[in-house]
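Read the figures in this text as sums done on the coordinates, not as results from a lab. The structure presented is a predicted model; accordingly, all values stated were derived computationally and were not measured. In this analysis, Cβ positions are derived from the backbone assuming ideal geometry, glycine residues included, and neighbour counts consider all displayed protein chains.
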Amino acid sequence: MRITPRRLALGMSLWIPNLFSGIRVRRFSEDWTHATVELHVNVFTRNYVKTAFGGSMSAMTDPYFFMLVMHQLGRDYVVWDTRGEIEFVKPGRGVLTAEFEVSRERAEEIRERAHGGSKVLEWFETVITDRDGDVVAKVRREVYIREKRRVTATRA
């Protein structure tokens with residue numbers, strides 16, 4: 001069975017760590033350039049002061065840049081999420097949203113830099129917003145990309 005954007009969004013929403021943290025993947029675009037993820041802050045997912053846990057806000061941004069890159073580059077590349085940074089701007093309440101974008105051009109530029117087995121460490125940025133569009137947190141994620149050795153060796 002082929003993983004489609006729709007199936008992956010559903011699977012990620014039903015994945016136990018996301019499901020019980022109030023994280024919902026609303027969509028992956030058909031061309032794997034965009035994803036939308038929501039965090040629903042409610043009685044089960046809020047902290048002592050009734051706002052979103054910082055860890056939940058970080059978790060809602062964890063794998064999505066790497067997934068977009070991985071699906072655009074294909075099976076010939078190793079792609080990992082290596083680290084992240086988050087700056088909390090204001091308390092998160094209600095439904096929080098993060099949009100992830102990796103353009104075709106950026107993915108192609110990464111492919112060229114990783115050609116021949118070179119290690120690429122690429123930073124991506126997004127923001128988490130509330131229903132009013134106010135920025136709740138600023139997020140940076142680093143993604144590791146390398147062409148697989150078997151591919152590089154085949155060319156040699």
### Query
Here is a list of conditions, (1) assigned to a loop (DSSP other than H, G, I, E, B); (2) without any contact (Cβ under 8 Å) to a residue 24 or more places away in the chain; (3) of a type outside the set (V, I, T), and R24 meets all of them except one; can you say which number that is?
(1)
### Query
For segment 98-114, which residues satisfy the criterion of being more than 30 Å from D132 (Cβ to Cβ), in contact with a strand residue (DSSP E or B) (Cβ under 9 Å, 6 or more places away or on another chain) and aliphatic (A, V, I, L, M)?
I110, A114
### Message
Quick check on my filter: what residues within segment 1-45 are over 18 Å from F66 (Cα atoms) and surrounded by 18 or more Cβ atoms within 10 Å (Cβ to Cβ)?
### Response
S21, G22, L39, V41
### Query
Going by the structure shown, is V69 out of contact with any Lys or Arg (no Cβ under 8 Å at 6 or more places or on another chain), surrounded by 12 or more Cβ atoms within 10 Å (Cβ to Cβ) and either outside any loop (DSSP other than H, G, I, E, B) or not charged (D, E, K, R) (or both)?
yes
## Note on the structure
All conditions in (1) farther than 24 Å from G11 by Cα; (2) touching an Asp or Glu at 6+ places or on another chain (Cβ under 7 Å) are true of G133 except (2)
### Task
Considering only segment 27-55, state which residues are closer than 22 Å to K90 by Cβ, under 16 Å from the mean Cα position of the chain (by Cα) and assigned to a strand (DSSP E or B).
T36, V37, E38, L39
### Residue check for R75: part of a strand (DSSP E or B) and over 14 Å from T33 (Cα atoms)
no
